[in-house]
Amino acid sequence: MTNLNRDFWKERYTTNQIGWDTGTITTPLKEYIDQLKNKETKILIPGAGNSYEAEYLHNNGFTNVFVIDLVKAPLDNLLHRVPNFPKAHLLHGNFFALEDTFDLIIEQTFYCALQPNLRDNYVTKMTELLRENGKIAGLLFQFPLTEQGPPFGGSKEEYINRFHKLFRIKTLETAYNYIKPREGNELFIIFEKK
C-alpha cells in the first residue's frame, strides 16, 4: 500500500492528480451550511484540500472557520481565491497533531482518504477536537473498502460500528442531493459527540 504521507499528497497537487476536486462546494454540504444560523460557530474542515466549503462559509459570513491540510498548496489556493480569509485559520499540518476544540467539523470524505489503519485514530481524534455536544457533519463514501486508494471506501455498517460508542448517530443516509458523478456513493452524516 502506498504511504499517504506529505510527499504523496504534495505530488498529487503538483501534478494536478486531484480527481476528487469538484471545483466548487457540493450540494449536500451547501444545503447543510445554508441552514446553519450561528455565524460564530467554530468550524474545522480537516484534510481540507482546496476547501470550497471554507470559501463558501467565509463568503456567507462565518467568522470562525479553520482548515487544516498536510500540504500547503491547497491552503495557498484557498487564500488566492479568498485573499481576506484569516491566515491564522489556515493550518498547515497533521490533523492528528492538532490541539484545539470546535463546535462543528465538516467531513468532506477526509475519512475515506486516510489509510484504513488510521480510522480508529480518526474517531478518537474527532472526540478530542469536538466540544461537548459538538458534531461531525458531511459526507462519507459508500462503496466497498478497497486496497487501492485513496479514496478507500466504506459502508454504513462500518461507520455505525466505528462511531457508535463515542457519537450519537443523528443522520446516516444516502445523499439525495448528490452531484452526478457521486450518485449513490455518498452518505450524508451528522454524528454528535456523546
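So here's what we get for this one:
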{"quantity": "The range 121-137-the range 30-65 distance, computed between alpha-carbon centres (Å)", "calculated": "17"}
{"quantity": "Whichever lysines have a C-alpha closer than 20 Å to that of Lys39, once near sequence neighbours (fewer than 8 apart) are set aside", "calculated": "Lys30, Lys87, Lys135"}
{"quantity": "Karplus-derived 3J(HN,Hα), 6.51/-1.76/1.60, for each residue of the range 37-43, Hz, glycine and proline x", "calculated": "9, 7, 6, 9, 3, 7, 10"}
{"quantity": "Glu99, Glu31, Glu53 arranged by Cβ crowding within 10 Å, fewest neighbours leading", "calculated": "Glu99, Glu31, Glu53"}
{"quantity": "Backbone HN-Hα couplings from phi across the range 46-60 [Karplus 6.51/-1.76/1.60, Hz, Gly and Pro as x]", "calculated": "x, x, 5, x, 6, 6, 5, 5, 5, 4, 5, 4, 4, 5, 10"}
{"quantity": "Eligible lysines near Lys156 by straight Cα distance, threshold 17 Å, same-chain separation 8 or greater", "calculated": "Lys165, Lys170"}
{"quantity": "R0 of 30 Å, Cβ-Cβ distance Lys165-Gln115: FRET efficiency to nearest 0.05", "calculated": "0.90"}
{"quantity": "Cβ-Cβ FRET estimate between Ser155 and Glu128, R0 fixed at 22 Å, reported to 0.05", "calculated": "0.30"}
{"quantity": "Under 5 Å, built H, 5+ apart or other chain: amide partners of Phe143", "calculated": "Gly154"}
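Here, each number is a calculation from the coordinates, and none is a lab measurement. A quick note: this is a predicted structure, and the numbers were derived from the prediction, not measured. Cβ: placed from backbone, ideal geometry, glycine included. Neighbour counts: every protein chain shown.
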